[in-house]
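What follows is a set of notes on a single structure, which appears directly below.
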Amino acid sequence: MPYITGGVRPDWTAYLAAFADAGADLIEVGLPFSDPTVDGPTIQEASCAALARGATPASVLAELAATRAGVPLIASTYANIALRPGFAGDLRRAGVTGLIVPDLPLDELAGLSVPGIEVALLASPATPDDRLAEIGRRSQGFVYAVSVMGTTGERDQLAPSAAALAARVKLVTGLPVLLGFGISAPAQAAAAAAVADGVIVGAAIMRRILDGAGPAEAGAFVAALRAALDGPAVVR
Amino acid sequence: MSSITVAPDAGHLAGRFGAYGGRYVPESLVPACHAVADAFAGAWADPGFRGSLAGLLSAYAGRPTPLTPAPRLSAELGVTVLLKREDLAHTGSHKINNVLGQALLARRMGRARLIAETGAGMHGVATATAGALLGLPARVFMGERDVERQAHNVFRMRLLGAEVIPVTTGSRTLKDATSEAMRHWVTDAGEAYYCAGSVIGPHPYPTMVREFQRVIGEEARRQCAAELPAAVPDYVVACVGGGSNAAGTFAGFAGTAARLVGVEAEGGSGACRGEAGVLHGSQSLFLQDEHGQVKEAHSIAAGLDYPGVGPEHAYLRDQGRARYVTAGDAEAIAAAVRLARAEGILPAIESAHAVAWVIRAAGTPALPAGSTVLVTLSGRGDKDVTTLMAQARL
Ligand SMILES: Cc1ncc(COP(=O)(O)O)c(C=O)c1O
């Protein structure tokens, strides 16, 4: 599942089709927020760029509503955006089917009302077993396994904590387990796919886009990730 | 679109002040928050811990701090002003009360390091100080803009052995420093202890920091009882950045008839002009635009330059138990100079906001002539001399 920060460039929706053509199973679209406390420098910069262009969560969703991506779209944003009234309707109108809110843990889920949208929960290497089981039970669509104790951002290799976590999550859920945070290169994606059902790649794509990569170039990177996955990462 | 809906039924949950508070953190920090909450609950119920903290507060931090009548200012204003002198606490502000508590807790938890954010640098200095005292290396995140305007405190932190990390994102002030401290905490959650500087952050921080600051209000309550014929002042006033000196002061007077007043910076008035939202781990009131983006605050006082307020203040506001007002930059500078000349006490520019409101409100229905008013002077103005040299037209 490749990620793009919605609104990062005027032509950002063109990347969606490029990612789908490159073999993405799902696409994660970040709705920009002023204080992305779970993101490292690359996605912070992308969010900042989107906001500076005048993008808002609502404008990004409106642009999505007018776009045919061809694969399911998962929105991701922060609690301050996700808890606003009307958000669920905006998601549905945009054709989004799933949602990730990294600063809304299990304990605060009751405050979120997004009927018709699958809310995927995050699991962390620090999550104890009993809590992991509850995450496995309550997550919808897939479980987002956070491969490393840290923020989003590129890393040289797949963290050792990734495989252990993916295995633990697989024990507690029948949902697909997607590994994310720090997966930056095809070889890492392949290593991750050996222990999980799929990978989420964000900062490595956004750095390319921030450096000027157009849809074709970014799509080629996604295609390389796709090729590296040992067999298709079937998500649904 | 309106701001997030405040669910009125959330009051039964731990760490809630009515609907405010909570624990909005990434999954990776949830176990760390649980660990801090459990450790704090154990420590706070342990007479040994309370004794160690009380010992440090008196023998090291210089508590109790005095309650000082301000006779000349009182005569000028027509109200009786009493000053709670947190400016006389070790390191120069109330921040030391909280930090000694949290640093002792970090040691009790076996943590190897302290992480903190700072605005004016007083919390950073206090953290560096407690780190030196207890042998815990401290890493302090500070907005680049604050690094410039509080250079004196940056040097103090480094002198005390702390590492100061300038934060270059966003408004380069307290909001961004707090975000960066939280990002860093995730990477070191197993060994580092996050030492929050105010009554903000995920549960248990707002409650814990208030409990560590409660000493201000409890001392002041006893001192007022000795000083005032009516035992309790009519008004209790404190400045509010995140709201820790105010929360600690108010805690001592919650059960009295005293009217509680929190004074925010005009450009950082979360409680006065904020809307419900979620930032830095809790639901509270934040300055936001119509799309839910958090706005940048603007205040000459780095410690008040924050777009939100701690969740308990949001609750006290909604309940009507405390009132929140603002004071502007120029007014605060003028109040600092006036207090210095009337009483020989130079307050921090943060604290001067509380004094400024008293000066403005005295003799009006907001603070009628003849009232008694307790003002918490949260810190001293030494750190602000460079700003005062540029701003105060003497
Ligand atoms: C002297 C002083 N007063 C007040 C504050 C504001 O903090 P709080 O509202 O938590 O008391 C600060 C923060 O840096 C400070 O240094």
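The values are calculated or read from the model by the stated rules, or taken from the named source; none is laboratory data. Computed from a prediction, not measured in an experiment: that's the story for all the values here. With ideal geometry, Cβ positions are generated from the backbone for all residues, glycine too; neighbour counts draw on all protein chains shown. These area figures cover heavy atoms from the full protein model, side chains too; ligands, DNA and RNA do not enter into them. Shrake-Rupley method; radii C 1.70, N 1.55, O 1.52, S 1.80 Å.
Does A:ALA58 qualify as being in a helix (DSSP H, G or I), facing chain B (nearest Cβ under 8 Å), open to solvent by 30 Å² or more (accessible area, probe 1.4 Å) and out of contact with any His (no Cβ under 6 Å at 6 or more places or on another chain)?
Details: in a helix (DSSP H, G or I): yes; facing chain B (nearest Cβ under 8 Å): yes; open to solvent by 30 Å² or more (accessible area, probe 1.4 Å): yes; out of contact with any His (no Cβ under 6 Å at 6 or more places or on another chain): yes.
So A:ALA58 fits the description; yes.
Please tell me if B:ALA230 is modelled with pLDDT of 95 or more, assigned to a helix (DSSP H, G or I) and either of a type outside the set (Ser, Thr, Tyr) or not assigned by TED's automatic domain parsing to the domain that holds B:ALA327 (or both). I'd like the intermediate steps shown before the answer.
Numbers: modelled with pLDDT of 95 or more: yes; assigned to a helix (DSSP H, G or I): no; either of a type outside the set (Ser, Thr, Tyr) or not assigned by TED's automatic domain parsing to the domain that holds B:ALA327 (or both): yes.
No: the conditions fail for B:ALA230.
The rows are residues; the columns are (1) in contact with a strand residue (DSSP E or B) (Cβ under 6 Å, 6 or more places away or on another chain); (2) more than 19 Å from B:VAL385 (Cα to Cα).
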{"site": "B:LEU83", "(1), (2)": "yes, yes"}
{"site": "B:ASP87", "(1), (2)": "yes, no"}
{"site": "B:GLN102", "(1), (2)": "no, yes"}
{"site": "B:MET109", "(1), (2)": "no, yes"}
{"site": "B:ALA130", "(1), (2)": "no, yes"}
{"site": "B:ALA138", "(1), (2)": "yes, yes"}
{"site": "B:GLN150", "(1), (2)": "no, no"}
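Going through A:THR13, A:THR5 one at a time, which residue ends up being away from chain B (no Cβ under 12 Å), among the hydroxyl-bearing types (Ser, Thr, Tyr) and more than 29 Å from B:TRP185 (Cβ to Cβ)? First the steps, then the outcome.
Working: A:THR5 fails: more than 29 Å from B:TRP185 (Cβ to Cβ).
Being away from chain B (no Cβ under 12 Å), among the hydroxyl-bearing types (Ser, Thr, Tyr) and more than 29 Å from B:TRP185 (Cβ to Cβ) holds for just one of A:THR13, A:THR5, which is A:THR13.
A:LEU64 fails exactly one of the following numbered conditions: (1) more than 13 Å from chain B (Cβ to nearest Cβ); (2) outside any helix (DSSP H, G or I); (3) crowded, with 22+ Cβ neighbours inside 10 Å. What is the number of that condition?
The failed condition is (2).
Taking region B:178-204 only, how many residues are under 23 Å from B:HIS94 (Cβ atoms), within 9 Å of chain A (Cβ to nearest Cβ) and of a type in the set (Val, Ile, Thr)?
1
Let me confirm something: among B:SER351, B:SER299, which residue is of a type in the set (S, T, N, Q), more than 14 Å from the chain's Cα centre (by Cα), assigned by TED's automatic domain parsing to the domain that holds B:ALA238 and within 15 Å of the ligand (Cβ to nearest atom)?
Numbers: B:SER351 fails: more than 14 Å from the chain's Cα centre (by Cα).
Just a single option satisfies the conditions, and that option is B:SER299.
Let's see how each residue does on (1) in contact with a Gly (Cβ under 7 Å, 6 or more places away or on another chain); (2) aromatic (Phe, Trp, Tyr); (3) at pLDDT below 95:
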position	(1), (2), (3)
B:GLY320	no, no, no
B:GLU350	yes, no, no
B:ALA356	no, no, no
B:GLN391	no, no, yes
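Looking at (1) open to solvent by less than 10 Å² (accessible area, probe 1.4 Å); (2) without any contact (Cβ under 8 Å) to a residue 24 or more places away in the chain, which is the one condition that is false for B:ALA336?
Failed condition: (2).
May I ask you to list the residues in region B:369-394 that are within 15 Å of the ligand (Cβ to nearest atom), open to solvent by less than 60 Å² (accessible area, probe 1.4 Å) and of a type outside the set (Val, Ile, Thr)?
Passing the criteria: B:LEU377, B:SER378, B:GLY379, B:GLY381, B:LYS383, B:ASP384, B:LEU388.
Specify the residue that is farthest from B:VAL237 (Cα to Cα); the eligible residues are those in region B:79-90 that are open to solvent by less than 10 Å² (accessible area, probe 1.4 Å) and touching a Gly at 6+ places or on another chain (Cβ under 9 Å).
So the first thing to find is which residues in region B:79-90 are open to solvent by less than 10 Å² (accessible area, probe 1.4 Å), and the list is B:79, B:81-84, B:86-87, B:89.
Those still in the list that are touching a Gly at 6+ places or on another chain (Cβ under 9 Å) too: B:79, B:84, B:86-87, B:89.
On the way: B:VAL79: 13, B:LYS84: 10, B:GLU86: 13, B:ASP87: 15, B:ALA89: 19 Å.
Once the filter is applied, the top-ranked residue is B:ALA89.
Can you give me the ranges of the helices (runs of 4 or more DSSP H) entirely in region B:281-394 with at least 1 residues that are within 15 Å of B:LEU73 (Cβ to Cβ)? Reasoning before the result, please.
Numbers: elements: B:311-319, B:329-343, B:349-361, B:385-391.
In region B:281-394, B:329-343, B:349-361 are the helices (runs of 4 or more DSSP H) which contain 1 or more residues that are within 15 Å of B:LEU73 (Cβ to Cβ).
Return yes or no: is B:ALA257 more than 13 Å from the ligand (Cβ to nearest atom), away from chain A (no Cβ under 14 Å) and assigned to a loop (DSSP other than H, G, I, E, B)? First the steps, then the outcome.
Working: more than 13 Å from the ligand (Cβ to nearest atom): yes; away from chain A (no Cβ under 14 Å): yes; assigned to a loop (DSSP other than H, G, I, E, B): yes.
Yes; evaluated as a whole, the condition is true for this residue.
Taking the criterion of being away from chain A (no Cβ under 14 Å), away from the ligand (no atom under 14 Å from the Cβ), surrounded by 24 or more Cβ atoms within 10 Å (Cβ to Cβ) and not in a helix (DSSP H, G or I), would at least one residue in region B:207-221 satisfy it?
Scanning region B:207-221 turns up no residue that is away from chain A (no Cβ under 14 Å), away from the ligand (no atom under 14 Å from the Cβ), surrounded by 24 or more Cβ atoms within 10 Å (Cβ to Cβ) and not in a helix (DSSP H, G or I).
Test A:ILE27 against the criterion of being within 18 Å of A:PHE221 (Cβ to Cβ), within 12 Å of chain B (Cβ to nearest Cβ) and modelled with pLDDT of 95 or more, and give yes or no. Full working, then the answer.
Details: within 18 Å of A:PHE221 (Cβ to Cβ): yes; within 12 Å of chain B (Cβ to nearest Cβ): no; modelled with pLDDT of 95 or more: yes.
So A:ILE27 does not fit the description; no.
Inspect region B:190-208 for any residue being of a type in the set (D, E, K, R) and closer than 30 Å to A:VAL148 by Cα and give the result as yes or no.
Within region B:190-208, the first condition is being of a type in the set (D, E, K, R), and the residues that meet it are B:191.
Next, from what is left, pick out any that are closer than 30 Å to A:VAL148 by Cα: B:191.
Scanning region B:190-208 turns up at least one residue that is of a type in the set (D, E, K, R) and closer than 30 Å to A:VAL148 by Cα.
Which count do you get for residues in region A:139-169 that are in a helix (DSSP H, G or I) and aliphatic (A, V, I, L, M)?
Filtering region A:139-169 for residues in a helix (DSSP H, G or I) gives A:160-169.
Retained after the next criterion (residues that are aliphatic (A, V, I, L, M)): A:162-167, A:169.
Result for region A:139-169: 7.
For region A:67-86, which residues satisfy the criterion of being part of a helix (DSSP H, G or I) and in contact (Cβ under 8 Å) with a residue 40 or more places away in the chain?
From region A:67-86, those part of a helix (DSSP H, G or I) are A:79-82; that's our starting set.
The answer is A:ASN80, A:ILE81.
Can you give me the number of residues within region A:100-128 that are within 13 Å of A:ARG138 (Cα to Cα), without any contact (Cβ under 8 Å) to a residue 24 or more places away in the chain and not acidic (Asp, Glu)?
Residues meeting the conditions: 4.
From the list B:ARG158, B:ARG63, which residue is open to solvent by 30 Å² or more (accessible area, probe 1.4 Å) and among the basic types (Lys, Arg)? If you could, list the steps in order and put the result at the bottom.
Values: B:ARG63 fails: open to solvent by 30 Å² or more (accessible area, probe 1.4 Å).
Exactly one residue qualifies, and that residue is B:ARG158.
Which ones in region A:105-138 are under 18 Å from the mean Cα position of the chain (by Cα), within 11 Å of chain B (Cβ to nearest Cβ) and in a loop (DSSP other than H, G, I, E, B)?
A:PRO105, A:SER124, A:PRO125, listed by residue number.
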